[in-house]
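Heads up, the thing below is written out as structure tokens.
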Amino acid sequence: MTARARCFALLAGLALLLAPAASRAGFVIVNLDGAGEGFNDGTLVAPVGGNTGTTVGQQRLNVFVKAGQIWDAILGSPVQIRVQASFDPLPCSATSGVLGGAGPNVVDSDFAGAPFATTWYNAAEANRLAGVDIDPADDDIGAQFNVNVGTAGCLTTRSWYYGFDGNEGANGLDLLAVLLHEIGHGLGFMTLTDESDGTFFFGQPSIWDRYLMDNVSHKHWIDMTNAERIASAINTGHLVWDGPAVNAAAPHVLGKRARVLTSGAIVGDFTSGQGVFYQPLTTAGVTAQVVLVNDGVGTTTDGCNTPFVNAATVAGKIALMDRSATCGAPNQAANAQANGAIGVILINNVAGPEPPLRGAAPTCTIPVTAISLTDGNAIKAALGSGTVNATLSLDATKLAGADNLSPSRVRMYDPNPDQPGSSVSHFDVSGFPNLLMEPAINPDLSQNVDMTFHNFYDIGWFPQLVSVPGMGTAGLSFVLGPNPSTDGGTLRFRIPQSQRVELSLFDLAGRRVARIADGVMDAGDHAVRWSRTDDRGHRVAAGIYRAQLKTGGQQQTLSVVLVD
């Protein structure tokens, strides 16, 4: 069964075929832009960050090529993946806007090789599982990106960055990271179920719905009524991913959760958001008395003006401040530090959970935390009746972006009210370090697809890990995680009997880079850690490589993506 999830009109038929290894079919970028626009913009520019294009259009196309190469190396699909793409005007204002979007043009169910019946799969994954292009007349993914970024009236102070090195700076928007994110949706990181009314797409669940779980009711979305799915989508903090690969990877990807631990007039353990450009918290933390800031102007508790009226009282204490709509968290934190504070607690100015910390505070060296409006108001009220002390620290027992259950599960984005296009089909913003598939772009993203790889493992993208055809369930299997990796990663494989194993890494020209293992191993599962060094002990450069496993007359290869 096939359904069309979205449709893009074909404006131009230029297609760019990425060069895959022989065992993979690769990505094709289908250029939908007209003459002189988008990919065809002939404005001359200098090469940047490893992107050798000399026109705006070519640099954009090169970024798409790079993203396709990264995903192709990870997925290894034997069926070509076609991505329709264009740069068009999208909703935007001077301070906020839609950067881009992508999704499947077609979804399929009940095809040959489908792991679950009456279940939707995005076309690219369905083709991969079927081993053939189920819908040859349709491109798999449609993608649009905002051509107006950086122009008058559209994110005026920002601009697209077309380099490959993640060096976008304070005002740049890394197109490669955004593109990896959006293609991720098109490949399958999404539910087709409408969370606003709880209905399945054309009466069937998507593969994602099998792993979405409410950790209060412990029911999965495939087992819920429409009303229960509506409630689960906005049950903030309680919609989680119940897939084994993601949750096994979480302790190796996510950091410890930030918190504000209070004593005195209020005893509490309040979760805090975290930010990239702020002083890292520690498990020991910083402890002091809490003082509500008074800057004497407008909303006197936001600390947007300095010096503070109560600077003498704030000195040596933790400054409690209301989040401001007129000055950013970096300014507030810098002002608190200038007035002698040794730490900051920012209170959210809208209802909902604790906010992540945005922006850069390069001159701020004191710890900064951010808590919810409800928690902040509780601390304010307590200050009216006595002294409050606080410790700003990391909770050594909790992961940032996971729930409180044991074992913990990774949280999905479930704000109240619902945010169409963002809710459910993203990891939660509480994840830290920030994850590729959060609903907003973050400056610490790179070419690493982090737990998106494990999410795809959960939903069935990698049947090649089961066994070699004809060898039975105890046959040879092979996987690397994480992939891409900054430090090499762990190669895992299963062999049916005791035999010699050769495990090596080759570059794309076929030259051996590293011999990772060579010797007789027992039957069963094995995990070999590779530290990203070559045969001479040197660090291997970033790029795409092939890991080759040979044993018992059988051979398997997989792509290894190394990033810095």
Seminar exercise, completed: Just one listed residue, out of PHE202, PHE270, is farther than 22 Å from PRO415 by Cβ and not assigned by TED's automatic domain parsing to the domain that holds LEU129, and it is PHE202
Problem set entry | strands (runs of 3 or more DSSP E) lying entirely in region 66-137 (those with 1 or more residues that are in contact with a Gly (Cβ under 9 Å, 6 or more places away or on another chain) and surrounded by 19 or more Cβ atoms within 10 Å (Cβ to Cβ)) | 81-88, 100-104
Exercise. Quick one: what pairs do we get from region 442-459, first residue outside the structural domain of ASP487 (by TED's automatic domain parsing) and free of Cβ contacts under 8 Å to residues at least 60 places away in the same chain, second crowded, with 23+ Cβ neighbours inside 10 Å and part of a helix (DSSP H, G or I), C-beta under 9 Å, 6+ apart or different chains?
Worked result: none
Exercise. Yes or no: VAL216 out of contact with any strand residue (DSSP E or B) (no Cβ under 9 Å at 6 or more places or on another chain), closer than 30 Å to ALA370 by Cα and aliphatic (A, V, I, L, M)?
Worked result: yes
Seminar exercise, completed: Turns out the strands (runs of 3 or more DSSP E) fully within region 514-564 with at least 1 residues that are free of Cβ contacts under 8 Å to residues at least 12 places away in the same chain and in the same structural domain as THR490 (by TED's automatic domain parsing) are 554-562
Seminar exercise, completed: When (1) farther than 26 Å from LEU383 by Cβ; (2) not in a loop (DSSP other than H, G, I, E, B) are applied to THR271, the one that fails is (1)
Exercise. ASN349: out of contact with any Cys (no Cβ under 9 Å at 6 or more places or on another chain), surrounded by fewer than 19 Cβ atoms within 10 Å (Cβ to Cβ), assigned to a loop (DSSP other than H, G, I, E, B) and polar (S, T, N, Q), yes or no?
Worked result: yes
Exercise. Pick from region 383-419 the residues that are touching a helix residue (DSSP H, G or I) at 6+ places or on another chain (Cβ under 8 Å), part of a loop (DSSP other than H, G, I, E, B) and of a type outside the set (Asp, Glu): which of them is surrounded by the most Cβ atoms within 10 Å (Cβ to Cβ)?
Worked result: GLY401
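Out of HIS252, HIS238, HIS218, I need the residue that is surrounded by fewer than 22 Cβ atoms within 10 Å (Cβ to Cβ) and at positive phi. Which one?
Exactly one residue qualifies, and that residue is HIS218.
Rundown of residues vs (1) at pLDDT 95 or above; (2) of a type in the set (Val, Ile, Thr), yes/no style:
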| residue | (1), (2) |
| --- | --- |
| VAL293 | yes, yes |
| ASP302 | yes, no |
| ILE345 | yes, yes |
| GLY359 | no, no |
| ILE371 | yes, yes |
Exercise. Out of (1) within 15 Å of the chain's Cα centre (by Cα); (2) in a loop (DSSP other than H, G, I, E, B), what's the single condition that is false for ALA177?
Worked result: (2)
For this session: Look through region 132-160, keep the residues that are closer than 18 Å to GLU182 by Cβ and charged (D, E, K, R), and return whichever of them is farthest from the chain's Cα centre (by Cα).
Result: ASP139
For this session: For GLN332, work out the one condition from (1) assigned to a loop (DSSP other than H, G, I, E, B); (2) in contact with a strand residue (DSSP E or B) (Cβ under 9 Å, 6 or more places away or on another chain) it doesn't fulfil.
Result: (1)
Problem set entry | Residue under evaluation HIS185, criteria (1) part of a helix (DSSP H, G or I); (2) over 20 Å from the mean Cα position of the chain (by Cα), criterion not met | (2)
Exercise. Can you name the condition, by its number, that SER498 falls short on among (1) more than 23 Å from HIS252 (Cα to Cα); (2) crowded, with 18+ Cβ neighbours inside 10 Å; (3) among the hydroxyl-bearing types (Ser, Thr, Tyr)?
Worked result: (2)
Problem set entry | Residue list for region 313-328, restricted to those being surrounded by 17 or more Cβ atoms within 10 Å (Cβ to Cβ) and under 30 Å from SER96 (Cα atoms) | ALA319, LEU320, MET321, ASP322, ARG323, SER324, GLY328
Exercise. Which one is farthest from ASN455 (Cα to Cα), of the residues in region 257-272 that are of a type outside the set (Gly, Ala, Ser) and crowded, with 19+ Cβ neighbours inside 10 Å?
Worked result: ILE266
Problem set entry | region 261-314, subset in contact with a Lys or Arg (Cβ under 8 Å, 6 or more places away or on another chain) and of a type in the set (Gly, Ala, Ser), residue nearest to ALA360 (Cα to Cα) | GLY275
Problem set entry | Sole residue being among the aliphatic types (A, V, I, L, M) and assigned to a strand (DSSP E or B), chosen from ALA227, ALA258, ALA250 | ALA258
Exercise. Assuming GLN279 fulfils every condition listed in (1) in contact with a Ser or Thr (Cβ under 7 Å, 6 or more places away or on another chain); (2) at pLDDT 95 or above; (3) farther than 30 Å from PHE64 by Cα apart from one, which condition is it?
Worked result: (2)
Exercise. Counting only residues that are part of a loop (DSSP other than H, G, I, E, B), closer than 22 Å to LEU436 by Cα and of a type outside the set (Ser, Thr, Tyr), which one in region 235-247 is modelled with the lowest pLDDT?
Worked result: GLY243
Problem set entry | Whichever residue in region 165-176 is hydrophobic (A, V, I, L, M, F, W, C) and modelled with pLDDT under 95 and, among such residues, is nearest to SER425 (Cα to Cα) | LEU173
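The values are calculated or read from the model by the stated rules, or taken from the named source; none is laboratory data. None of the values given here were measured: they were computed from a predicted structure. Glycine gets a Cβ as well: all are built from the backbone with ideal geometry, and neighbour counts include every protein chain shown.
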